[in-house]
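The values are calculated or read from the model by the stated rules, or taken from the named source; none is laboratory data. What you see is a predicted model; the values in this text were computed from it and never measured. For neighbour counting, all protein chains shown are included, and Cβ atoms are generated from backbone atoms with ideal geometry for every residue, glycine included.
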Amino acid sequence: MSETLSNMLPLGTPAPDFSLPDTISGKMVSLNDVVRPSGTVVMFICNHCPYVILVLPELLKLAKEYQEKGIGFVAISANDVENYPQDSSDLMKALAQKEGFTFPYLYDESQDIAKAYDAACTPDFYVFDGDVRLYYRGRMDNATPGNGHPVTGKDLREALDALLQHKKAPADQWPSMGCNIKWKK
């Protein structure tokens with residue numbers, strides 16, 4: 001496990017477009033398919049990262065809660081599956097079905113989309129406003145494997161609540177921390 005901090009893409013950046021295969025439905029899913037007028041969360045995750053495994057139950061709860069409030073969600077995995085076969089599209093689909101994902105789980109085989117978002121780690125969260133401009137980026141909360149902090153989703157929840165209340169983006173935004181994206185060589 002290589003602990004990596006997320007890159008802090010500038011606030012106001014337009015969401016990079018994508019069209020990627022959804023490992024759950026088998027269909028191509030684009031940014032326009034997941035964008036919602038109230039806001040959209042694009043997250044980079046994977047199957048095997050201990051940081052993702054730690055936050056996944058709360059992440060799924062949070063996603064369902066905020067989807068009901070009109071926020072769109074999509075997860076993308078960009079890991080090199082040749083060297084990390086546990087992140088293959090078949091296993092992504094199996095995980096999504098087992099855990100009951102309520103959002104698409106896309107595979108970025110070329111890694112071009114991860115690069116366009118300047119994603120660095122898993123999990124890495126990007127919240128876009130109704131104009132599809134970056135409003136929040138960084139961590140879900142301060143819980144990491146072994147630090148003893150409870151997984152609450154506090155930082156991401158506060159950002160989503162502020163977005164839904166049409167407030168300015170939170171002044172304090174901390175990078176996410178997780179395993180580095182497994183780039184192809």
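Would you check if there is a residue in the stretch 109-116 being modelled with pLDDT of 95 or more, among the aliphatic types (A, V, I, L, M) and within 23 Å of Pro150 (Cβ to Cβ)? No - not one qualifying residue is present in the stretch 109-116. Of all the residues in the stretch 100-119, those that are out of contact with any helix residue (DSSP H, G or I) (no Cβ under 9 Å at 6 or more places or on another chain) and either crowded, with 20+ Cβ neighbours inside 10 Å or of a type in the set (Gly, Ala, Ser) (or both) number 5. Note on the stretch 47-93: among residues that are under 14 Å from the mean Cα position of the chain (by Cα) and in a loop (DSSP other than H, G, I, E, B), the one that is nearest to Val29 (Cα to Cα) is Ala78.
Within the stretch 1-22, does at least one residue satisfy the condition of being farther than 15 Å from Tyr126 by Cβ, in a loop (DSSP other than H, G, I, E, B) and either hydrophobic (A, V, I, L, M, F, W, C) or free of Cβ contacts under 8 Å to residues at least 12 places away in the same chain (or both)? The answer is yes; a qualifying residue exists. Filter the stretch 23-39 down to residues that are polar (S, T, N, Q) and surrounded by fewer than 23 Cβ atoms within 10 Å (Cβ to Cβ) and give me whichever is nearest to Arg157 (Cα to Cα). Among those residues, the one meeting the criterion is Ser38.
Within the stretch 96-141, the set of residues being touching a Ser or Thr at 6+ places or on another chain (Cβ under 6 Å) and of a type in the set (Ser, Thr, Tyr) comprises Tyr105, Tyr107. Can you name the residue in the stretch 120-162 that is among the β-branched types (Val, Ile, Thr) and within 23 Å of Ile181 (Cα to Cα) and, of all such residues, is surrounded by the most Cβ atoms within 10 Å (Cβ to Cβ)? The residue in question is Thr122. Quick check on my filter: what residues within the stretch 61-86 are farther than 22 Å from Val132 by Cβ and in contact with a Phe, Trp or Tyr (Cβ under 7 Å, 6 or more places away or on another chain)? Matches in the stretch 61-86: Asp80 only. Under the condition of being part of a strand (DSSP E or B) and under 20 Å from Phe18 (Cβ atoms), the residues counted in the stretch 118-161 number 12.
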